[in-house]
There are 2 protein chains.
Amino acid sequence: MVKRAVIQLVTPGTVVQEKPGQAKDSNFLTAVYAQDGQFGFAYTDLATGEIFVSKLGAISSVINELLSLRTKEVVIPTDLSAAFKTELNKLDILVSTQADAPATSEVSFVSQGIQTPVELAVLKTLVLYLVSTQKRALAHLQVAVEYEPSQFLRMDHQVKEALELSRSLRTGERHGTLLWLLDRTKTAMGGRLLKQWLDRPLLDRTKIEQRQARVGAFSAHFFERSTLQDALTKVYDLERLAGRVAFGSVNGRDLLQLKGSLAQVPLIKDILQQMQDPTLTDFQNQLDEVPEVYDLIDRAIQADPPISVTEGGIIQDNYNQTLDDYRNAMNNSKQWIAQLESQERQVTGIHNLRIGFNKVFGYYIEVTKGNVKQVPAGRYERKQTLTNAERYITPELKEKERLILEAQEKSTALEYDLFTEIREQIKKQIQRLQHLAAVISEIDVLQGFSVVAEQQHYVKPTFTSHKKGVHIENGRHPVVEKVLGAQQYIANGVTMDQHTDILLITGPNMSGKSTYMRQMALTVIMAQLGSFVPADKCELPIFDQIFTRIGAADDLISGKSTFMVEMIEANNALAHASSQSLILFDELGRGTATYDGMALAQAIIEYIHEHIHAKTLFSTHYHELTGLSDTLVKLANVHVGATEENGKLIFMHKVLPGPADKSYGIHVAQLAGLPHSLLQRADHILGDLEAQGAKTVPQQAE
Amino acid sequence: MVKRAVIQLVTPGTVVQEKPGQAKDSNFLTAVYAQDGQFGFAYTDLATGEIFVSKLGAISSVINELLSLRTKEVVIPTDLSAAFKTELNKLDILVSTQADAPATSEVSFVSQGIQTPVELAVLKTLVLYLVSTQKRALAHLQVAVEYEPSQFLRMDHQVKEALELSRSLRTGERHGTLLWLLDRTKTAMGGRLLKQWLDRPLLDRTKIEQRQARVGAFSAHFFERSTLQDALTKVYDLERLAGRVAFGSVNGRDLLQLKGSLAQVPLIKDILQQMQDPTLTDFQNQLDEVPEVYDLIDRAIQADPPISVTEGGIIQDNYNQTLDDYRNAMNNSKQWIAQLESQERQVTGIHNLRIGFNKVFGYYIEVTKGNVKQVPAGRYERKQTLTNAERYITPELKEKERLILEAQEKSTALEYDLFTEIREQIKKQIQRLQHLAAVISEIDVLQGFSVVAEQQHYVKPTFTSHKKGVHIENGRHPVVEKVLGAQQYIANGVTMDQHTDILLITGPNMSGKSTYMRQMALTVIMAQLGSFVPADKCELPIFDQIFTRIGAADDLISGKSTFMVEMIEANNALAHASSQSLILFDELGRGTATYDGMALAQAIIEYIHEHIHAKTLFSTHYHELTGLSDTLVKLANVHVGATEENGKLIFMHKVLPGPADKSYGIHVAQLAGLPHSLLQRADHILGDLEAQGAKTVPQQAE
């Protein structure tokens, strides 16, 4: 009979998601190795075989990477220090251990070109774990790609959460995130690549501008792009198909998907050719039809194979002579049996005599009770009596039956062998398939960027030096604009030239201060992804890091000490930001009493102004901080306005220069109808506070 | 045949919920009538027939009542002003209209004793609407009970929501609310009464103390209470059963439930008797067994009646002679038929001859194919031929069949008539049943209070004058304590004597300021319900109104102008609070810039101090307001402490006298590791701010 699949251990990090809806999500298995205060960090998506490896300097960076990847399982060597294990155990991630052992061929293959010892060690840990749990071929594992978090725009896990890059704070879903907005990919591979990009926007201007140029090329060729999208839609998940080939879990239908996908490659090349854009030439050159694989599948696999690979019906006729012989034998015998029926009807005169088949008795001749008398004595051998019929056999019938069953069994076994052979042949081309997948993914993501840019009227950002600063005209928060509709959305510029490092934003609650700050950060991220951005004009420096402290509603509910969290995040920014970073502080200091919160806010602003020089957006309720613009030369005030209409407050969501109206609160109280004497008194107190505030607060740091 | 039920219109306000899980919820149909600037307001729960009516002075009161009742439908006269209709339409409540028409007998009955024209008018509107939609007997409608919101502790809809009296802010569910905590009722009626009480705590000290005394009595008799609970568990929903009697929708099983419930009454009286507590005598006297109803059901209704009332099998033997005659006739004939079977078996010798019945052919004699030959010729008349059997009849058999069917039809019709008669007789006692239900409900709620008091170690509050003030020792937030467990919970006293009207509460975020304020309000409400309260000792004045401004997380999300909402709620309190009211202001002024928020907060505190004199808990981040205690003689500072342990902040949740540590924020910043120079600078700025604040803020109002 047929061989059984080998046993494997399925762990949270090695589950290969097969549901179509999840194909755009990756499931990462991670590994950590510690040596001399350094950490080797590696991760793989077993479904696609991609492996990334890095060297990290601190536990906090390791934890940050683990959280950003949303890994469900981390593998560590058995001898890793207990303290580090304790840290990992806090994360609600399964910690698995892998004992050291001699390197396998997979380890050597994956580690090609890696030099750093701690990276080599972590790759070994990761791959040995895969080998020991999967217990099957891992031919699709790709050569590990080294990365350094510092090669990319750095944002820690909290920043990605606060900016809702791929997960909504409110719902935990993808809907309403930047990923949701940007994802116009047509393939699952493209969707996964976009998510990778979003986790690591670029720092290299040349690379960014290459992506931009390609987005521009797709934008300039509307009809070609549309044809391209049709072709992409027909490309299946090549990475995962390659993974299934390697695992030996591929079936006939998968191979047809592979063939169908490869059939699109010449079309895609052709479309790119038609666009005649030099930035796309490189794609054309790299698109590999892998004709060996296409032809093999085309010749070997039937048009509608079954899901099972062990029951025959997969291999085409004319592919293998022996198989054809078996099939002929079967067909001849079946024909003989079919003829037997009409022949016996004539001989016996029983017009409803029929030949049937069941699994227990095989082929038989059936005559109903009423006609039994007409059966010539001795012609058949009685086999089985039913209520209404008798069943007979003959030696010839049984002989043919034997021929058929024998041929069937042999052909099924042969088909399985042939299928395995074909799979092994394809396995040799896995790296070409993976490379093809990578190229198509990138084309897919970039054509998606061009679609979003067109539909949302985005503009290509240009990059300037940090000295020249930020110039965004009519910028929009991309997700809010998409949700509200362009008509509803009030655009706002951001200007931070060589004279401005810090924008101090005042204005009432709910007027849009947070949205304005998030808009800035998302624009930067989109720009460094190579995407166009929601603005009429956009000039930006390339930022190295983004830091945020943006209050989230869930902090209030979780019952944590919000202020402690605020201060920890603020300190993180102050400790790590450079003059090329972007800092967003939303209402910093609000979680404590007024004066000490205000004092801290002022001291932090001064510290950034004096020591860090990062571009900073700082929103505040401490209206009195607006006086700082007198002493801090690189601080500018802006405010979000509100206006009164028929006794109701209308938020204009428009950011304007200068500080906000300082007696806004008393004005609202008046609209709400508070007693006149009370309002007069409040006005008086405010006057006093303002008078003294003016005297002291803007003092410069000593 | 049998009469069909009359047609009725089912509307959102007149749906009678029949699911067991919903029996503790009421569905109120409301009506509003406007005349000369006054509003008649009435509502009924059609399932129980209770009607309440009131005269309200302002649209806002009407809307507040509508929202508090969670009504789904409000009936207004056709000529009600368009402006008012517009207001109502905003509420997401179905607005139905009722044209004026001559008063029916139901209107007169319900309106007994009501004098106020606008109340009479609204009752007429409500009842006419019921008559015209229900098109059926409304005998269970009770005489309308007048109420004045001012007879009760007034809390508007927002206050009830903010304090989570019956609906959790987070989940919208009952779990985690005061109602959830207090509801240890054993009957659905008790559950509904508790909800009514919770909506309207008492002002009348005598009534409150009567409830307290009864709770005390139940607490003092543990074993009797346990027996009482068993009895209550067996009491069905008398109010709804009475409603079904009136509607004519009652069935035999309902009547058995009614009987079973009435059977508990002597037991309950007996238990109360055993307790020998004078405060319970009144209950004993009012418990009416309604023996007429019990006896009638006991005599008339069979032990296991069907759900349908039109198919017989409901009425017992010996209840009605004619019915007994029919039944005898049926039984005799059935017996004759049963005998016929054995007789015919003997005569024919066919041992499997049997007599059967089906709806199409009636009674028949059946003989299987094999035995047909044994049937003596001409003995039976052939009626029907089956594959394997023949069916016969005889004239005698058909005669008996006719007798049986005739008797059956007559007895079914008679049973229905008898059942209707019984129902009408019970209907005459509906008011006694309703009164009984009311007494049992009250017993049930009060025994429930005693259970909670005992399990949660509550104490009986005593009432003092407003001059003497509030003295709570080791008070707890009842719901938080229940959820956390008594071991976890830190108790806190509240002291506001003749020298203190206002407690100004400072302390870090999340330290428990809101919980402390809610605890105070819930203790007041529980005390005025007649319940014991979570404290070791409790002296309270009786409050006339509660006002709150407690920030809810959902305000932040809904995107409203929080500050406008704050000011409207503050103004509402200032406009309506008296010296006997309780005001809770949580972080008032936070929604705007610092100085104007602070100025408003101070002006509001001063206004309450000078003009209102209500007991007020005011929590704030404006640490500088603590200086007000120098000038406002009736203001006292308290704070919630936090302490440091191993570089982590531990919230003690303990309320202590005096203002909070003013440099808490800087202290946290230090723990979070902010640069030393920055902290020094913040300390310096804080010193300056404090120095000037001290000079001006505590100035008294001019």
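The values are calculated or read from the model by the stated rules, or taken from the named source; none is laboratory data. The structure displayed is predicted, hence computed values, not measured ones. With ideal geometry, Cβ positions are generated from the backbone for all residues, glycine too; neighbour counts draw on all protein chains shown. These accessible areas exclude ligands, DNA and RNA; they are computed on the full protein's heavy atoms, side chains included. Shrake-Rupley method; radii C 1.70, N 1.55, O 1.52, S 1.80 Å.
The figures follow:
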quantity	calculated
Identity of the residue in the stretch A:543-562, modelled with pLDDT under 65 and not in a helix (DSSP H, G or I), that ends up farthest from B:Gly665 (Cα to Cα)	A:Ala552
Enumeration of residues in the stretch B:101-131 that are surrounded by 14 or more Cβ atoms within 10 Å (Cβ to Cβ), among the hydroxyl-bearing types (Ser, Thr, Tyr) and free of Cβ contacts under 8 Å to residues at least 40 places away in the same chain	B:Thr104, B:Ser111
Criterion: surrounded by 23 or more Cβ atoms within 10 Å (Cβ to Cβ), more than 27 Å from A:Glu292 (Cβ to Cβ) and not hydrophobic (A, V, I, L, M, F, W, C) - qualifying residue of A:Gln447, A:Gln455, A:Gln408	A:Gln447
Strands (runs of 3 or more DSSP E) within the stretch A:340-446 that include 2 or more residues among the polar types (S, T, N, Q)	A:381-385
Any hit, the stretch A:598-610, residues being within 30 Å of B:Leu169 (Cβ to Cβ) and either more than 7 Å from every other protein chain (Cβ to nearest Cβ) or open to solvent by 20 Å² or more (accessible area, probe 1.4 Å) (or both)	no
Residue check, B:His639 in contact (Cβ under 8 Å) with a residue 60 or more places away in the chain and either more than 11 Å from chain A (Cβ to nearest Cβ) or farther than 17 Å from B:Thr515 by Cβ (or both)	no
Test: residue in the stretch A:126-149 that is under 20 Å from the mean Cα position of the chain (by Cα), over 27 Å from A:Gly530 (Cβ atoms) and in the same structural domain as A:Val15 (by TED's automatic domain parsing)	yes
Residue count, the stretch A:87-121 (criterion: of a type in the set (D, E, K, R) and in contact with a strand residue (DSSP E or B) (Cβ under 7 Å, 6 or more places away or on another chain))	2
Hits in the stretch B:348-380 - residues which are closer than 24 Å to B:Leu403 by Cβ and surrounded by fewer than 11 Cβ atoms within 10 Å (Cβ to Cβ)	B:Asn358, B:Lys359, B:Val360
Residue check, A:Thr616 within 27 Å of B:Gln602 (Cβ to Cβ) and in contact (Cβ under 8 Å) with a residue 60 or more places away in the chain	no
Checking A:Leu632 against (1) over 24 Å from A:Asn474 (Cα atoms); (2) modelled with pLDDT under 85, the condition it does not meet	(2)
Single unsatisfied condition, A:Val565 versus (1) at the interface with chain B (Cβ under 10 Å from one of its Cβ atoms); (2) out of contact with any Ser or Thr (no Cβ under 8 Å at 6 or more places or on another chain); (3) at pLDDT 85 or above; (4) surrounded by fewer than 22 Cβ atoms within 10 Å (Cβ to Cβ)	(3)
Search result, residues across the stretch B:588-610 that are without any contact (Cβ under 8 Å) to a residue 60 or more places away in the chain and either assigned to a loop (DSSP other than H, G, I, E, B) or within 16 Å of B:His466 (Cα to Cα) (or both)	B:Leu588, B:Gly589, B:Arg590, B:Gly591, B:Thr592, B:Ala593
Pairs where the first residue, in the stretch A:376-396, is more than 15 Å from A:Ile337 (Cβ to Cβ) and the second is acidic (Asp, Glu) and open to solvent by less than 30 Å² (accessible area, probe 1.4 Å), C-beta under 7 Å, 6+ apart	A:Arg382/A:Glu390; A:Ala389/A:Glu366
Residue within the stretch A:327-337 that is more than 16 Å from A:Leu405 (Cβ to Cβ) and touching a helix residue (DSSP H, G or I) at 6+ places or on another chain (Cβ under 9 Å) present	no
Criterion (part of a loop (DSSP other than H, G, I, E, B) and away from chain B (no Cβ under 14 Å)) met by exactly one of A:Gly172, A:Gly176, A:Gly191	A:Gly172
Subset of the stretch A:508-534 (residues that are touching a helix residue (DSSP H, G or I) at 6+ places or on another chain (Cβ under 7 Å) and either within 14 Å of chain B (Cβ to nearest Cβ) or part of a loop (DSSP other than H, G, I, E, B) (or both))	A:Pro508, A:Asn509, A:Met510, A:Thr515, A:Gly530, A:Ser531, A:Phe532, A:Pro534
Matching residues in the stretch B:145-170 - criterion: being among the hydroxyl-bearing types (Ser, Thr, Tyr) and more than 16 Å from B:His576 (Cβ to Cβ)	B:Tyr147, B:Ser166, B:Ser168
Selection count, the stretch B:661-702, where residues are modelled with pLDDT under 80, farther than 26 Å from A:Ala573 by Cα and among the charged types (D, E, K, R)	4
Qualifying residue in the stretch A:106-128 (condition: of a type in the set (D, E, K, R), assigned to a loop (DSSP other than H, G, I, E, B) and at pLDDT below 90)	no
Number of positions in the stretch B:618-636 that are away from every other protein chain (no Cβ under 12 Å) and open to solvent by less than 20 Å² (accessible area, probe 1.4 Å)	3
Residue among A:Ile490, A:Ile505, A:Ile472 that is in a strand (DSSP E or B) and more than 14 Å from chain B (Cβ to nearest Cβ)	A:Ile472
